[in-house]
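Written out below as structure tokens is the structure these notes cover.
The values are calculated or read from the model by the stated rules, or taken from the named source; none is laboratory data. The structure displayed is predicted, hence computed values, not measured ones. Because the Cβ atoms are built from the backbone with ideal geometry, glycine has one as well, and the counts that use them run over all protein chains shown. Remember, those area values only see protein heavy atoms, side chains included, never the ligands or the DNA or RNA. Shrake-Rupley method; radii C 1.70, N 1.55, O 1.52, S 1.80 Å.
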Amino acid sequence: LHRSQLDLDSLELSFGGSEPWAPIDDYTLRGLGAEPLELHGEVVFAGHGVVDSESGLDQLAGLPIEGRFVAVFTGVPPGFEGLDERVHSGTKRDAVAERGGLGLILLSGADDTQAARTRGWLRRSATHARLVLGGAATSPTSLVRVYPEPRLSQALFAASGLDLDTELSERSEAPMTPGLVLEGVDLTLRGTVAVEELWAQNVAGLLPGDDPELGDEVVVVSAHMDHVGVNAEGAVHNGADDNASGTATLLAVAETLADRAEPLRRSVLFLAVSGEEKGLLGSEWWVNNPTLPIDSVIADINVDMVGRNDPDSVGVTPSPEHADYNTLVALAVAAGPGVGLSVSWSAGEGGYRRRVDSYYSRSDHANFAEKGIPVVFFFAGEHEDYHQPGDTLDKIDFDKIAKVSELVETLVALVAEADERPSRLAD
């Protein structure tokens, strides 16, 4: 790993002849790598920046992206709310990176509360070091994302003779309106980065299969074993639910299947990974540097945050509405009642409840899915202690973890014993 710390005093963001804007107060950044920043280019405005093959919406089409910054509104246009589960800042970043963009500027209006929360979180984390994968064997997406405060966003448009609020209103009503280059708004972004090389660990345990034909095929059970450390006040983020609950599930399933009287036909790899909270780094490393042939992996069953909320329900993704819906998920849904669990497409309670598809890119299964491997993600949802020091052992529902462990064990056995590999079910 490379740990990089941006020198805030060296950071400069300016455009259109303006004085440099103030980091933290006026904008925050994500996507920093291990190299110093030295970027300069024009700015292209692309509406909400949605590129979605399923709906046919491509707001980057025809725009001169290469070598330029791309400014987009956060979220999706009104009338396209169904895209929320597939389109987010990460997919926008990837679309801009694929077209050779320099960076992504995520604009928001003054009344966008979700964007304001994101900027608040980024301000709090701005003084923390960033971790990225090192080594030539990996090629993580590297694209700086700029999160400006509304006053900076407004100034960016004003420098080109445009009004931010007017553009937001017009693009919301007519999302297919072509984008444009913000004339006279050459943007400079530079800063120095201090870099330190570190090492983290993944821990893998293999339960060999005994079938002469299927024994070399592998079912992976994964869970991340890292959390977010200590806050500025010195309070420990214990991570009992996130993700000691998933790690405990992995260990329980490993112990039970290892004691099974008859060996499974296929092999099972129990994979506890580091660096999930820093960007799914441990699982990204493993799929690019596998300890077993990646082509032998037929499924990933990932467990993250399964110790809280509804005692009789656990959420899963991908759902039937997701392009990666597969037979793994169908088996999990069918097996749930047998262990006392309803398997649901949504998770969390009260204001924290949302569809699990919206978390599809946020845990380690996503890196297996990138390799074309069928995945299922078990997730019981967020709560008031998510990424807070209050995520403590006394709030964990151990009976629920036991049920999830039995469900995962059942699913692993079904997949490892089946004649056929898991496969996609979506059209």
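Things to note:
- Candidates Arg123, Arg151 - the one that is among the basic types (Lys, Arg), farther than 27 Å from Arg3 by Cα and over 17 Å from the mean Cα position of the chain (by Cα): Arg151
- Listed conditions (1) more than 30 Å from Thr249 (Cα to Cα); (2) open to solvent by 50 Å² or more (accessible area, probe 1.4 Å); (3) aliphatic (A, V, I, L, M); (4) not in a loop (DSSP other than H, G, I, E, B) are all met by Ala204, apart from (1).
- Exclusive hit being over 28 Å from His227 (Cβ atoms) and in a strand (DSSP E or B), set Thr188, Thr166: Thr188
- For Pro311, the conditions (1) under 30 Å from Gly134 (Cα atoms); (2) assigned to a loop (DSSP other than H, G, I, E, B); (3) open to solvent by 10 Å² or more (accessible area, probe 1.4 Å) are fulfilled apart from (1).
- Qualifying positions in region 258-281 - part of a helix (DSSP H, G or I) and open to solvent by less than 20 Å² (accessible area, probe 1.4 Å): Glu276, Leu281
- Of all residues making up region 177-201, the number that are within 25 Å of the chain's Cα centre (by Cα), open to solvent by less than 50 Å² (accessible area, probe 1.4 Å) and under 26 Å from Ala22 (Cα atoms): 1
- Looking only at residues of region 17-35 that are out of contact with any strand residue (DSSP E or B) (no Cβ under 8 Å at 6 or more places or on another chain) and over 21 Å from Arg117 (Cα atoms), we find that the one that is most open to solvent (accessible area, probe 1.4 Å) is Glu19.
- Cross-chain or 6+ apart pairs with Cβ under 8 Å, region 211-233 first and within 22 Å of Gly275 (Cβ to Cβ), then among the charged types (D, E, K, R) and at pLDDT below 95: His224/Glu277; Asp226/Glu277; Asp226/Lys278; His227/Glu277; Val228/Glu277; Ala232/Arg124
- Region 354-372, residues that are hydrophobic (A, V, I, L, M, F, W, C) and either under 11 Å from Thr317 (Cβ atoms) or at pLDDT below 95 (or both): Val356, Ala366, Ala369
- Number of positions in region 334-358 that are open to solvent by 10 Å² or more (accessible area, probe 1.4 Å) and either touching a Pro at 6+ places or on another chain (Cβ under 8 Å) or under 30 Å from Asn288 (Cα atoms) (or both): 3
- Top-ranked residue in region 11-65 [being acidic (Asp, Glu) and touching a residue at least 24 places away in the same chain (Cβ under 8 Å); ranked as farthest from Ala129 (Cα to Cα)]: Glu54
- Looking only at region 1-10, residues that are open to solvent by less than 50 Å² (accessible area, probe 1.4 Å), within 12 Å of Ala129 (Cβ to Cβ), out of contact with any helix residue (DSSP H, G or I) (no Cβ under 9 Å at 6 or more places or on another chain) and not in a strand (DSSP E or B) come to 0 in all.
Conditions tested, residue by residue: (1) open to solvent by 50 Å² or more (accessible area, probe 1.4 Å); (2) more than 22 Å from Val185 (Cα to Cα); (3) β-branched (Val, Ile, Thr).
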position	(1), (2), (3)
Phe80	yes, yes, no
Leu83	no, yes, no
Gly100	no, no, no
Leu104	no, no, no
Arg151	yes, no, no
Thr166	yes, no, yes
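- Qualifying residue in region 47-57 (condition: in a strand (DSSP E or B), open to solvent by less than 40 Å² (accessible area, probe 1.4 Å) and either in contact with a Ser or Thr (Cβ under 9 Å, 6 or more places away or on another chain) or not charged (D, E, K, R) (or both)): yes
- Scope region 345-404; condition charged (D, E, K, R), in a helix (DSSP H, G or I) and under 22 Å from the mean Cα position of the chain (by Cα); matching residues: Asp357, Glu370
- Restricting region 66-78 to residues that are surrounded by 14 or more Cβ atoms within 10 Å (Cβ to Cβ) and in contact (Cβ under 8 Å) with a residue 60 or more places away in the chain, the residue that is farthest from the chain's Cα centre (by Cα): Arg68
- Selected residue [in a helix (DSSP H, G or I), open to solvent by 40 Å² or more (accessible area, probe 1.4 Å) and out of contact with any strand residue (DSSP E or B) (no Cβ under 8 Å at 6 or more places or on another chain)] from Glu255, Glu233: Glu255
- Test: residue in region 241-250 that is in a loop (DSSP other than H, G, I, E, B), more than 16 Å from the chain's Cα centre (by Cα) and buried (at least 23 other Cβ atoms within 10 Å of the Cβ): no
- Filtered residue count, region 132-145, keeping only those that are modelled with pLDDT of 70 or more and either open to solvent by 40 Å² or more (accessible area, probe 1.4 Å) or assigned to a loop (DSSP other than H, G, I, E, B) (or both): 3
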